[in-house]
Ligand code: NAP
């Protein structure tokens, strides 16, 4: 694979920092641009990020002295330096949509972590193991935008990156009808650490703004189908969700209850998880976990602290599968919210788009 020059828009933020650490030694991608708000532009990255650097490893040496560019004012210059950008900015929905479209219309593909375009019907929202075929809608999007190579592709919300992967292959075999899910979400999902959010020490907060709606609605786009120039959401499975903020630094856990059209045996479920491989594994993408779904037999596994980093934080951990009195089965699952759920998921999506020729 040839090397691609890439930019990170929102580089000083929590997800932006994750992008930098993941991309430091990436085999296909070279980071050429770091961009943030006008407040950071013109400073070295180290000056701009200041004490907001929240990773456990130092700022990558190759990026520490790069001059931060202005995400908005410098778009044309950024277009001369990169093949595509990753985008993770803290702006309101309309401003984020406008910014991402400006990049696409400047012929700079955007791989986005933001939620603003997740329900734009010709923007693919992709988990590369599950619905890689949705990237075909990009041709329709380019027609709408009037672009040759510019487009927007997004990843889905971090909350659902644990339970949707576990349910998706089961639906193909047994038909998933109803799902009740409770998520236990880490504080990095709010861009916070225990230093910046001390109220979260020894605490649980039973509300995450907008999260339950995303957790119920976004899966239906992942399950959706391309019809003409749009992706039409699926009507099933039916989801109901409660999302709680818990005092973990990284890692979103989910407790899932599921009802099937054709109830499988426990062995059949375990076999589907064990054998499942998606397009990311078929293409052997650099960030793809070798084993996507990992079942643990121990009663007290998976644990947030022990298992969130499985396969560089890109694998999903599952456990405690058992029959339920009201649904057919219940189980728990875990994914790393800023790796699989944010920057890592976006890097994997970018790898898929490169491998399928969309970044040429
Ligand atoms: P964050 O830590 O608050 O960082 C926000 C970034 O946006 C910073 O680089 C900031 O630059 C930049 N920014 C702010 N105003 C801007 C403007 N007017 N123009 C251009 N850039 C601007 O936020 P985050 O947690 O990284 O989240 C970023 C996005 O990813 C959000 O849409 C969030 O919903 C999404 N997301 C986050 C997670 C997670 O786990 N944290 C997971 C999935 C998705 P300055 O430093 O210059 O202000």
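Looking at the stretch 271-298, which of its residues are part of a helix (DSSP H, G or I) and either touching a strand residue (DSSP E or B) at 6+ places or on another chain (Cβ under 6 Å) or free of Cβ contacts under 8 Å to residues at least 40 places away in the same chain (or both)? Correct list: 271, 273, 274, 275, 282. If you go through the stretch 207-222 and keep only what is over 22 Å from residue 339 (Cα atoms) and surrounded by 19 or more Cβ atoms within 10 Å (Cβ to Cβ), you end up with nothing. When 72, 83 are checked against the criterion of being modelled with pLDDT of 95 or more and more than 23 Å from residue 347 (Cβ to Cβ), 72 stands alone in meeting it. The stretch 1-77 holds helices (runs of 4 or more DSSP H) entirely within its bounds, and those carrying 3 or more residues that are over 22 Å from the mean Cα position of the chain (by Cα) map to 45-49, 61-64.
Do any helices (runs of 4 or more DSSP H) entirely within the stretch 132-250 hold 2 or more residues that are away from the ligand (no atom under 16 Å from the Cβ) and not assigned by TED's automatic domain parsing to the domain that holds residue 347, and if so, which?
Of the helices (runs of 4 or more DSSP H) lying wholly inside the stretch 132-250, those with at least 2 residues that are away from the ligand (no atom under 16 Å from the Cβ) and not assigned by TED's automatic domain parsing to the domain that holds residue 347 span 163-174, 211-222.
Exactly one residue among 334, 339 is out of contact with any strand residue (DSSP E or B) (no Cβ under 8 Å at 6 or more places or on another chain) and closer than 22 Å to residue 189 by Cα, and that residue is 339.
In the stretch 39-55, of all residues being touching a helix residue (DSSP H, G or I) at 6+ places or on another chain (Cβ under 9 Å) and more than 10 Å from the ligand (Cβ to nearest atom), the one that is nearest to residue 26 (Cα to Cα) corresponds to 55.
The values are calculated or read from the model by the stated rules, or taken from the named source; none is laboratory data. On a predicted model such as this, the values are computed, not experimentally measured, just so you know. Note that we place each Cβ from the backbone using ideal geometry, even for glycine, and neighbour counts take in every protein chain shown.
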